[in-house]
């Protein structure tokens with residue numbers, strides 16, 4: 001791929017990325033997230049419509065964007081929530097979804113609708129937590145009782161399917177895949193504990209002095225950590241998103257120096273450039289021809305995402321959330337995209353997944369990101385200022401209830 005083609009594609013992608021906030025702002029009444037604008041922009045400039053961009057020329061940047069997406073999701077994860085009721089509820093909800101997904105996919109395989117049983121079943125259990133984070137932050141949906149429920153639910157819906165990919169779809173076999181997964185976790189734990197076993201005062205002083213200077217030491221070390229775990233995951237035969245997710249979780253405990261400043265810098269690098277590239281690339285590579293030839297498959301997969309992954313929340317959170325918030329949970333947990341792309345690529349590479357199913361599954365993920373979060377935000381705004389939880393949480397006058405688990409105003413991160 002020549003340099004000129006890559007630069008031209010990067011220019012067009014940058015224009016779409018820069019215009020997305022303005023388009024979303026002008027269409028604010030439609031509750032249109034920027035993610036939707038980025039995906040639609042990618043479709044328009046892609047080879048199936050205008051043909052202004054060449055996807056392979058920016059594939060490396062897209063992979064980095066995907067890594068940043070999962071890095072931020074892992075960083076946002078509050079591990080303490082899994083010791084509480086909401087964390088256990090999220091795990092139970094995912095396993096209920098997994099049982100339903102296996103049953104439904106088995107029935108579809110029996111009638112010949114799908115061939116790749118495992119990738120499709122895992123795809124129906126995913127939640128695009130990383131993709132949802134900017135939308136949730138922008139609409140103050142990480143606070144109160146709802147925030148305490150959606151955080152672990154989204155994290156489980158992203159992490160456990162990754163574990164499933166590592167074990168069941170590993171190129172090295174299930175046993176070696178499990179060993180690789182454990183090894184990866186040990187590497188992450190070692191990196192998390194490394195600062196506690198190193199006491200170099202001079203090194204720490206150099207890091208503090210250089211974190212805001214031209215050296216940008218903490219940011220460079222953080223990026224090095226992310227790429228290290230991405231490479232380790234790739235070498236172990238695991239999906240690289242596992243490495244990025246673990247890097248974010250490690251960073252939460254490991255980050256040296258001014259943590260708040262580091263968060264701002266990561267937002268600037270990730271949401272300012274790399275993450276938009278991933279969403280635009282997803283639109284560019286969407287196989288519109290395969291979807292047009294078999295539109296029913298896309299409708300079926302979109303319906304399955306909503307019912308298999310989303311609907312259990314209506315029943316399992318009935319003692320934790322009111323009806324409106326449970327509908328929001330249903331829509332948000334059913335939102336999926338990044339892992340569907342990975343699962344489709346795995347299914348196609350093994351020859352087990354039908355090309356039309358791969359396109360329909362990714363297309364359903366794109367539609368879920370385009371519509372489900374917007375509907376959830378509309379429900380939230382319609383009930384704003386009204387106590388929605390069954391426990392009568394105390395509001396703060398801004399539609400927030402309960403204990404605020406979102407970042408403080410000084411550290412609130414906006415993409």
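The values are calculated or read from the model by the stated rules, or taken from the named source; none is laboratory data. Because the structure is a prediction, the values reported are computed rather than measured. Here the Cβ positions follow ideal geometry from the backbone for every residue, glycine too, while neighbour counts run over all protein chains shown.
Could we say that residue 49 is surrounded by fewer than 19 Cβ atoms within 10 Å (Cβ to Cβ) and over 24 Å from residue 270 (Cα atoms) here?
In short, yes.
Condition check ((1) modelled with pLDDT under 85; (2) surrounded by 14 or more Cβ atoms within 10 Å (Cβ to Cβ); (3) at positive phi; (4) within 23 Å of the chain's Cα centre (by Cα)) across all residues:
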| residue | (1), (2), (3), (4) |
| --- | --- |
| 5 | yes, yes, no, no |
| 18 | no, no, no, yes |
| 33 | yes, yes, no, yes |
| 55 | no, yes, no, yes |
| 67 | yes, yes, no, yes |
| 72 | yes, yes, no, yes |
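Tell me, which residue of the range 304-317 that is over 20 Å from the mean Cα position of the chain (by Cα) and without any contact (Cβ under 8 Å) to a residue 40 or more places away in the chain is farthest from residue 146 (Cα to Cα)?
315
How many of the residues in the range 322-340 are surrounded by 24 or more Cβ atoms within 10 Å (Cβ to Cβ) and assigned to a loop (DSSP other than H, G, I, E, B)?
The number of residues fulfilling the criteria is 4.
Among the listed residues 178, 194, 219, 132, identify the single one that is modelled with pLDDT of 80 or more and not in a loop (DSSP other than H, G, I, E, B). Can you show your working first?
On the way: 178 fails: modelled with pLDDT of 80 or more; 194 fails: modelled with pLDDT of 80 or more; 219 fails: modelled with pLDDT of 80 or more.
Result of the check over 178, 194, 219, 132: 132.
So which residues in the range 135-175 are in a loop (DSSP other than H, G, I, E, B) and either at pLDDT 75 or above or within 17 Å of the chain's Cα centre (by Cα) (or both), if there are any at all?
139, 140, 141, 142, 143
Just to be sure before I move on: is residue 88 free of Cβ contacts under 8 Å to residues at least 24 places away in the same chain, under 20 Å from residue 162 (Cα atoms), out of contact with any strand residue (DSSP E or B) (no Cβ under 7 Å at 6 or more places or on another chain) and surrounded by fewer than 19 Cβ atoms within 10 Å (Cβ to Cβ) in the structure I sent?
So residue 88 fits the description; yes.
If you take the residues of the range 347-360 that are surrounded by 22 or more Cβ atoms within 10 Å (Cβ to Cβ) and under 18 Å from residue 164 (Cα atoms), which of them is farthest from the chain's Cα centre (by Cα)?
Filtering the range 347-360 for residues that are surrounded by 22 or more Cβ atoms within 10 Å (Cβ to Cβ) and under 18 Å from residue 164 (Cα atoms), the one farthest from the chain's Cα centre (by Cα) comes out as 353.
With the requirement that a residue be buried (at least 19 other Cβ atoms within 10 Å of the Cβ) and either farther than 27 Å from residue 5 by Cβ or over 23 Å from the mean Cα position of the chain (by Cα) (or both), what does the range 20-31 give you?
24, 31
Enumerate the pairs (first residue in the range 24-53 and under 14 Å from residue 135 (Cα atoms); second residue anywhere and modelled with pLDDT under 85 and part of a loop (DSSP other than H, G, I, E, B)) with beta-carbon separation below 6 Å, excluding pairs fewer than 6 apart on the same chain, so at least 6 apart or on different chains.
24/32
Name the one entry in 248, 283 that is within 18 Å of residue 365 (Cβ to Cβ), at pLDDT 70 or above and part of a helix (DSSP H, G or I).
Of the residues listed, the single one that is within 18 Å of residue 365 (Cβ to Cβ), at pLDDT 70 or above and part of a helix (DSSP H, G or I) is 283.
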